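As structure tokens, the structure follows; a few thoughts come after it.
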Amino acid sequence: MSARVTGAVAVRVLRQLRRDPRTVALLLVVPPALLALLKYAFEADPRAFQSIGGPLVGLFPFITMFLVTSITMLRERTTGTLERLMSMPLAKLDLLLGYGIAFALMATVQAVVASLVAFGLLDLHVAGSTVAVGALAVGNAVLGMALGLFVSAFARTEFQAVQFMPAFVFPQLLLCGLFVPRDEMATALEAVSYALPLTYAFEALQRVTVDGALGTTGYIDVAVVVGVTLLALALGAATLRRRTA
Amino acid sequence: MGAQAVSVSGLRVRRGGRPVLPDLSFGVESGRVTGLLGPSGCGKTTLMRAIVGVQVVEAGRVEVLGAPAGSPELRRRVAYVTQAPSVYGDLSVRENLEFFAKVLGAAAQKVEAAIDTVSLGEHVDQTVGSLSGGQRSRVSLATALLGDPELLVLDEPTVGLDPVLRGELWQTFGRLAAAGATLLVSSHVMDEAEHCDELLLMREGRLLATETPAGLRARTGEQRLDDAFLALIEAEGEGG
């Protein structure tokens, strides 16, 4: 592993993003736009917006980074650049960390913009600190990135990679407790929700937005998210092969 | 005979359930330009991948610069250019080279030198995706030159290039070899054999001959290397 190579990967990924201003604009504009949509859709029931809005600010980066990473990594695989990098003096961790740094920076900007709009313009209130919500958002982005890296190994085309979003992300959003409290779900689904990482990401956000602080449960949630991120990165590293058939 | 940069013995590779290379043994002399020639689909790319160490092999030994192919220490000493240009289409020529130079730990001025070598000076700030196919493969080639590799494995580097540029590239290959590097260059065009010091002629996963261009002419009595290749195939057919 080397800081020089990790840095080179991060700079390269950011340069690629800069060459694609439309994607960057979408990454920054869509989350606040959806939050605004939500606010006015729930005009008759402002409490619904207040309870969903806070956690959503922290979950958007998970969704977008999952998608962006799985497609970027798939491109790296299909255009042969991954094979070239694997034949060079580059540690797998250099590549994964380089991606992680670049996308975490992007997610930070995304979270800041979404927070400014939500807390500043849309009158969203949370019990705890908005900075904590932002920090959890960046953590969730890294989780999304790690999962996206891993699943990209199972897609052969960009069409398939895009389909992984409804396949992997939507069920987690539905079962994490955002829309329905988990204890009101069918028992089997509640059991399943314990196995999904987004459940813990959401719970941590809920502690901050509702209780005002992470507390013991919240710290356990954060630990689970960190653990799953590391596990997904390790699994992702295992899919980067120096030798292929 | 000089030292061997690559030595292969009993190499067997299966791809998609089919034996692509049933049993290959040969050597590549160091400090020379060796041409790997044969029709499309004869196993050239698979053989190159095995030498670079990115191919899963079933049996046999491939030794490169004194170490088993694919050893970590070789990642700095061997450069591989695939047939499809493996560079980032959304970055400029310079950004691509700067990135790979950082990964290889090559000095910044290597980037300019590599751009010069492949004559892409006018296009440095263009994104690679906006270049022609031939220009793109030159970017890919330039990438391989950054780290001063001891062994360059180039898969069809001259496909789609105009004759002038092709001639210049072969001169560059000659210069690199004169400076001590070993080059293994594949092509399916027999004309290109002329530029090589040594030839490996392949057909259906087997080696028909390892010769110098002059040796090949003497052995077959043919002047055109295309005809010489045909003569070899016929001779093999008769010999069983």
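The simple spin-label model puts a point 7 Å past each Cα toward its Cβ; for A:MET185 and B:GLU73 those points are separated by 5.4 nm.
Angle of helix A:130-151 to the longest C-alpha principal axis of chain A, folded into 0 to 90 degrees and rounded to 10: 40°.
With respect to chain A, whose longest principal axis is taken over its alpha-carbon atoms, helix A:197-206 is tilted by about 40°. Considering only beta bridges that DSSP places wholly inside the protein assembly as shown, some 55 percent are antiparallel.
Largest GNM mean-square fluctuation across A:ALA232, A:ALA135, A:ALA186, computed for chain A with C-alpha springs under 10 Å, falls on A:ALA186. When B:HIS123, B:HIS188, A:HIS125 are arranged by Cβ crowding within 10 Å, least crowded first, meaning fewest neighbours, the order is A:HIS125, B:HIS188, B:HIS123.
Going by how many other beta carbons lie within 10 Å of each one, how would you line up B:PHE100, A:PHE170, fewest first?
Working: B:PHE100 30, A:PHE170 11.
Listed from fewest to most nearby Cβ atoms, that is A:PHE170, B:PHE100.
Take every pair of alpha-carbon atoms less than 8 Å apart whose residues are at least six positions apart; their mean separation over the length of chain A yields a relative contact order of 27 percent. Taking the Cα centre of the protein assembly as shown as reference, the dipole from Cβ charges on Lys and Arg (+1) and Asp and Glu (-1) amounts to some 640 debye.
Which of A:LEU178, A:LEU56 comes first, and how do the rest follow, when ranked by fewest Cβ neighbours within 10 Å? The partial results should precede the final answer.
Values: A:LEU178 20, A:LEU56 23.
Final ranking by Cβ density, sparse to dense: A:LEU178, A:LEU56.
Calculate how steeply helix B:225-239 sits against the longest principal axis of the alpha-carbon atoms of chain B, using the helix alpha-carbon long axis, and give the answer as 0 to 90 degrees to the nearest 10. Computed tilt is about 40 degrees.
Can you say what percent of the DSSP beta bridges in chain B, counting only those with both residues inside, are antiparallel? Round to 5. Of all bridge pairs located within chain B, approximately 55 percent are antiparallel.
Straight Cα distances below 28 angstrom link B:LYS110 to the lysines A:LYS92, B:LYS102, with same-chain residues fewer than 8 positions distant left out.
Once the C-beta distance of B:GLU194 and B:ALA113 is scaled by a Förster radius of 25 Å, the resulting FRET efficiency is 0.40 to the nearest 0.05. Here the Gaussian network model covers chain B, with springs between Cα atoms less than 10 Å apart; of B:GLY215, B:GLY35, B:GLY43, B:GLY215 fluctuates the most.
Dipole of segment A:3-239, Cα-centred, from +1 at each Lys and Arg C-beta and -1 at each Asp and Glu C-beta, to the nearest 20 debye?
On the way: 15 positive and 14 negative charges, 215 e Å.
So the dipole magnitude of segment A:3-239 works out to roughly 1040 debye.
Let me make sure I get this right: for segment A:76-188, a, b and c are the square roots of the gyration tensor eigenvalues over alpha carbons, sorted descending. Under 1.5 in a/c it's rounded, otherwise prolate if a/b > b/c, else oblate. Which is it? Cα axes put segment A:76-188 in the oblate bin.
When only the Cβ of Lys, Arg, Asp and Glu is charged (+1, +1, -1, -1), the dipole of segment B:189-240 relative to its Cα centre reaches about 140 debye. Toward the positive end of the charge dipole of the protein assembly as shown, with +1 on the Cβ of Lys and Arg and -1 on the Cβ of Asp and Glu, the farthest Cα among B:HIS123, A:MET165, A:GLY139 is that of A:GLY139. Rounded, prolate or oblate for segment B:80-182? Axes are the square roots of the Cα gyration tensor eigenvalues, ordered a ≥ b ≥ c, and the cut-off for rounded is a/c under 1.5. It comes out oblate by the Cα gyration axes. So how far, in whole Å, is the C-alpha centre of segment A:187-231 from the one of segment B:106-156? For segment A:187-231 versus segment B:106-156, the Cα centre distance is 48 Å. Listed by chain and number, the aspartates and glutamates whose alpha-carbon sits under 14 Å from that of A:LYS39, ignoring those within fewer than 8 places in the same chain, are A:ASP123. Note on chain B: GNM, Cα springs under 10 Å; of B:GLY167, B:GLY221, B:GLY31, the largest mean-square fluctuation is that of B:GLY221.
Readers should treat all values here as calculations from the given coordinates under stated rules, not as data from a laboratory. Computed from a predicted structure; not experimentally measured. Quick reminder, even Gly has a Cβ in these numbers, built from the backbone with ideal geometry, and neighbours come from all protein chains shown.
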